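The values are calculated or read from the model by the stated rules, or taken from the named source; none is laboratory data. Worth saying up front: this structure is predicted, and the values here are computed from it rather than measured. Ideal geometry is used to build each Cβ from the backbone, glycine not excepted, and the neighbour counts take in all protein chains shown. Areas reflect the complete protein model, heavy atoms only, side chains present, ligands, DNA and RNA absent. Shrake-Rupley method; radii C 1.70, N 1.55, O 1.52, S 1.80 Å.
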Amino acid sequence: ASRVVATASGTNNVTLRALGADEVVDYRQVDWAEHLAGQRFDVVFDSVGGRANWAAAKARGGVLGRRGRFVTIAGDSTDPLGEPLTKGRLVKSALKLLGRKARGLLGQKYV
């Protein structure tokens, strides 16, 4: 059985529960890392960012299970694999995808 915990402002509690959250932690009222300390999750999906918040949670022992995964769509990283999305990077990625599509239409293999 899975358990879904969401962090959001209290005004989103009803909506998140309707979407399937078993528990909603109001980050404006409670330190989510402290509240969830000792619990282990298979996946943490971050849509806000906040490397400082994540580092603080890790410093308290973290919330990921042994094989847990942290997934983010936020661009506040300075690591090469998590650089913020710029117009240049977006254009470069789009051109790569278009090139792959064109090669595929021509029957060429690509990696």
Index of the failed condition, Ala94 passing every other in (1) modelled with pLDDT of 75 or more; (2) within 25 Å of Val4 (Cβ to Cβ); (3) out of contact with any Phe, Trp or Tyr (no Cβ under 8 Å at 6 or more places or on another chain):
(2)
Residues of the range 6-21 that turn out to be open to solvent by 40 Å² or more (accessible area, probe 1.4 Å) and closer than 20 Å to Gly62 by Cα, as a count
1
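If we keep just the residues of the range 28-38 that are over 13 Å from Trp54 (Cα atoms) and either in contact (Cβ under 8 Å) with a residue 24 or more places away in the chain or of a type outside the set (A, V, I, L, M, F, W, C) (or both), which is surrounded by the most Cβ atoms within 10 Å (Cβ to Cβ)? Break it down into steps so the answer makes sense when it comes.
Quick first cut of the range 28-38, residues over 13 Å from Trp54 (Cα atoms) only: 28-30, 35, 38.
Applying the additional criterion that residues be either in contact (Cβ under 8 Å) with a residue 24 or more places away in the chain or of a type outside the set (A, V, I, L, M, F, W, C) (or both) yields 28-29, 35, 38.
On the way: Arg28: 10, Gln29: 10, His35: 17, Gly38: 10.
By that ranking, first place goes to His35.
Being exposed (fewer than 13 other Cβ atoms within 10 Å of the Cβ), within 26 Å of Ala6 (Cα to Cα), among the β-branched types (Val, Ile, Thr) and modelled with pLDDT of 75 or more is the requirement here; does Val71 meet it?
Values: exposed (fewer than 13 other Cβ atoms within 10 Å of the Cβ): yes; within 26 Å of Ala6 (Cα to Cα): yes; among the β-branched types (Val, Ile, Thr): yes; modelled with pLDDT of 75 or more: yes.
Yes.
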